[in-house]
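One structure is given here, and the rest of the page talks about it.
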Amino acid sequence: MTETLIAVAHGTRSPSGRRQIEDLARAVARRRPGLDVRLCYVDVQEPKVPDVVAAARSNGENAVVVPLLLSCGYHVRVDIAEAVAGTGFPVAGPLGPDPILLDSMARNLPDADAVVLAAAGSSDPLWRADVENVAARLSAEIGYTSGSGPRVADVVARLRQDGARTVSVAAYLLADGLFYRSLHSSGADSVTPPLCHDAAVVDLILRRFDQASTGARLTTLAGAL
């Protein structure tokens, strides 16, 4: 039976961000011929994840849901969980935190006196814990592009006041959009590219798919014994 990877992105109004996520999904499909990759969203864009999951279930497909999200926040624990409830479809872990993402940001960071990790803000405690963990491993200050918490521009300004002559922003964002573009007006000297541009993210998505798929098969086998 053909396997289906239901890739769930957040969604954006940015045309370039939409193209980047679509290109990422196509790259996953090219990397593994025969895998049916379907892209859906939790917000802003169509199709929404409940509709794609329902269609796969009605067709009797063997599907695995892979969140194209960087942490196990509300969208994973609530939106996606509710969409797959009762389907038996396994849900992979989110893309982050993962060493691949850290390596990607680190490779693209020029030498600087200070680094700010920029992430989309959230009140979800699991999200914030994940971001703090990434910042600690990257040894960076934390600034947010939205929601609660210090704004990236404010963190950059404080670092300048403290004596940093050069400040780089490590963008913990998967694709272009309003949040990402705001980083270029934060006062920093450089901003790393969206993570979707790194080819290693394609391998990360497939690794998440394989882990969830293998776990589901082992669970089914154990139940049959």
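The values are calculated or read from the model by the stated rules, or taken from the named source; none is laboratory data. Since we're looking at a predicted model, the values are computed, not measured. Every residue, glycine among them, receives a Cβ derived from its backbone with ideal geometry; neighbour counts consider all protein chains shown. For the accessible areas, the whole protein counts, side chains as well, though only heavy atoms, and no ligand, DNA or RNA atoms are used. Shrake-Rupley method; radii C 1.70, N 1.55, O 1.52, S 1.80 Å.
With each label modelled as a point 7 angstrom along the Cα→C-beta vector, the Glu46-Ala106 pair spans 4.4 nm.
Remark on Leu117: its backbone amide H falls under 5 Å from those of Glu141, Ile142, Gly143, Ala170, a criterion applied only to residues 5 or more positions apart or on other chains, H modelled at 1.01 Å from N. In the complete set of protein chains, residue-level accessible area for Arg26 is approximately 120 Å², probe 1.4 angstrom.
The HN-Hα couplings worked out from phi for the stretch 169-179 by the Karplus form 6.51 cos²θ - 1.76 cosθ + 1.60 (θ = phi - 60°) are 10, 8, 7, 8, 9, 6, 9, 5, x, 4, 4 Hz, whole numbers, x standing for Gly and Pro.
Give the dimensionless ratio obtained when the Cα radius of gyration of the chain is divided by 2.2 N^0.38 Å.
Numbers: Rg = 18.4 Å, N = 225, 2.2 N^0.38 = 17.2 Å.
This ratio for the chain stands at 1.07.
Its residue count N fixes a reference of 2.2 N^0.38 Å for the stretch 36-92, and the Cα radius of gyration divided by that reference is 1.03.
What number results when the radius of gyration of the stretch 104-164, computed over Cα atoms, is divided by 2.2 N^0.38 Å?
On the way: Rg = 11.7 Å, N = 61, 2.2 N^0.38 = 10.5 Å.
It is 1.12.
Residues whose amide H lies under 5 Å from that of Gln45, counting only those 5 or more places away or on a different chain, are Thr12; hydrogens are built 1.01 Å from N in the peptide plane. Take the Cβ atoms of Asp154 and Glu82, set R0 to 41 Å, and the FRET efficiency comes out at 0.70.
Which one, Leu126, Ala188, Gly34, projects farthest toward the positive side of the charge dipole computed for the chain from Cβ point charges (K/R +1, D/E -1)? Farthest towards the positive pole: Gly34.
With protein chains left intact and a 1.4 Å probe, residues in the stretch 94-225 average 47 Å² of accessible area per residue.
Take the alpha carbon atoms of the stretch 136-186, find their center, do the same for the stretch 31-55, and report the distance between the two centers in whole angstrom. If you average the Cα positions of each part, the centres end up 31 Å apart. Choose one of Leu178, Ala92, Leu206: the residue whose Cα lies farthest towards the positive end of the charge dipole of the chain (beta-carbon charges +1 Lys, Arg; -1 Asp, Glu; about the Cα centre). Highest projection toward the positive end goes to Leu206. Based on protein heavy atoms only, the stretch 1-41 ends up with 51 Å² per residue of surface accessible to a 1.4 Å probe.
So, with a 1.4 angstrom probe, what is the percent of accessible area on the chain that is carbon and sulfur?
On the way: 5500 of 10540 Å².
Carbon and sulfur together cover 52 percent of it.
Placing +1 on the Cβ of every Lys and Arg and -1 on the Cβ of every Asp and Glu, with no other charges, gives the stretch 1-129 a dipole of roughly 260 debye about its Cα centre. One equal scatterer on each Cα of the stretch 1-85, no solvent, Debye formula: the resulting log10 I(q)/I(0) at q = 0.25 Å⁻¹ is -1.32.
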